[in-house]
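Heads up: the structure comes next, in structure tokens.
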Amino acid sequence: MKTILITGGTSGIGAGLAQHYLANGDQVIIVSRSKGALPNAIYLQADLSLAAENYRIAELISTTYGKIDGLILCAVDQAYRQKPLMTTEGLEVTFALQYLSRYILSHQIILNSTGFMLNIATPGMNGAVNFDDLQRLKKFSSLRANINGNRLNDLLGAAFVNTGIKYILYNPMSVRTAGARSVFANPLMRLFLKFWHRVNGRDVATVVQNIGTVLRRTSANQFIAYKTLSPVKLSRNTFDPDKAKKLERATERLLATISA
Ligand SMILES: NC(=O)c1ccc[n+]([C@@H]2O[C@H](COP(=O)([O-])OP(=O)(O)OC[C@H]3O[C@@H](n4cnc5c(N)ncnc54)[C@H](OP(=O)(O)O)[C@@H]3O)[C@@H](O)[C@H]2O)c1
């Protein structure tokens, strides 16, 4: 029996993956703000947009469950926002949840030697991180913040090259989830998105199946990125190793100011 930790496992892709591992007879721990209803799942409630909560969860996992077999990062808040929403720690929510939480958990959770980290984001898309505006506060929109969060995750993943950890960045492309439908406020755009998802979107079951295939294909101790079932070239600018190191340093400085 494996122990799998899933953030954002109460909805969408995370919930689909939780059901998959539970059906396999694995132990599944789900972290999100609400408590879900999957029988046999272990629910830990936390607001992962707060750094302190991520450290609390990592500590709890380590003392209660020890090393785990899989960390799956799905927690996201895609809701439309015109203005930045700041956490009580003074950080923009999208940045804090979509990037900083994943940074902390990727570095604090300890895996068994055959374990994996699966960060569900959007590798393989274009864009660049602006180191002068890491939280993407200038000309803010929740959509831009979301794209920025994904580029930050590209660099987070890239920093796991040659670390001996099986780290997979996975882009499911359009998936029919409640969260994905909340990115626009405009009713016409929402209608368009509904139509788009019907034509081009995947259902969660297909995504779970694709992720299973990718996990089986990926050897131990490897950093890799996938867009559905196709590998993403690691030579892309979005995985620049120097920028990955630079981001790691900037993130550590930021975390030091929060805990000070
Ligand atoms: N759906 C797509 O089309 C698509 C496309 C590309 C990439 N992705 C990526 O795939 C992943 C999953 O997306 P999804 O659409 O399946 O997500 P979703 O349906 O929106 O579910 C989001 C999950 O995150 C949790 N969450 C939200 N805020 C939280 C917080 N502050 N603290 C802890 N947990 C929180 C939610 O639970 P609570 O509300 O209970 O906290 C929920 O379980 C994301 O990383 C997303 O970026 C999705």
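Numerical summary
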read-out	value
Relative contact order (%) - criterion: Cα under 8 Å, at least six apart; region: region 3-259	19
Residues TYR55 and ALA220, FRET efficiency given R0 of 30 Å [Cβ-Cβ distance, rounded to 0.05]	0.65
Ellipticity estimate at 222 nm from DSSP helix runs (n ≥ 4, -39,500 (n - 2.57)) divided over the chain, nearest 500	-12500 deg cm²/dmol
10 Å Cβ shell holding at most 15 others, DSSP loop, chymotrypsin sites (Phe, Trp or Tyr not before Pro): longest site-free stretch of the chain	132-260
Qualifying trypsin sites (Lys or Arg not before Pro) in region 25-63, DSSP loop, other Cβ atoms within 10 Å at most 13	LYS35
DSSP bridge pairs, the chain: antiparallel proportion in percent, nearest 5	10
Loop sites in region 161-260: trypsin sites (Lys or Arg not before Pro), DSSP, at most 11 other Cβ within 10 Å	LYS233
Efficiency of FRET from Cβ geometry, SER174 and LEU143, R₀ 22 Å, rounded to 0.05	0.90
DSSP bridge orientation in region 69-181 - percent antiparallel, rounded to nearest 5	10
Region 152-175-region 204-256 distance, computed between alpha-carbon centres (Å)	2
Region 165-210: relative contact order as a whole-number percent, Cα under 8 Å and 6+ apart	51
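A short reminder: the numbers here are calculations on the coordinates, not readings from a lab. Please read these numbers as outputs of a predicted model, since none were measured by experiment. In this analysis, Cβ positions are derived from the backbone assuming ideal geometry, glycine residues included, and neighbour counts consider all displayed protein chains.
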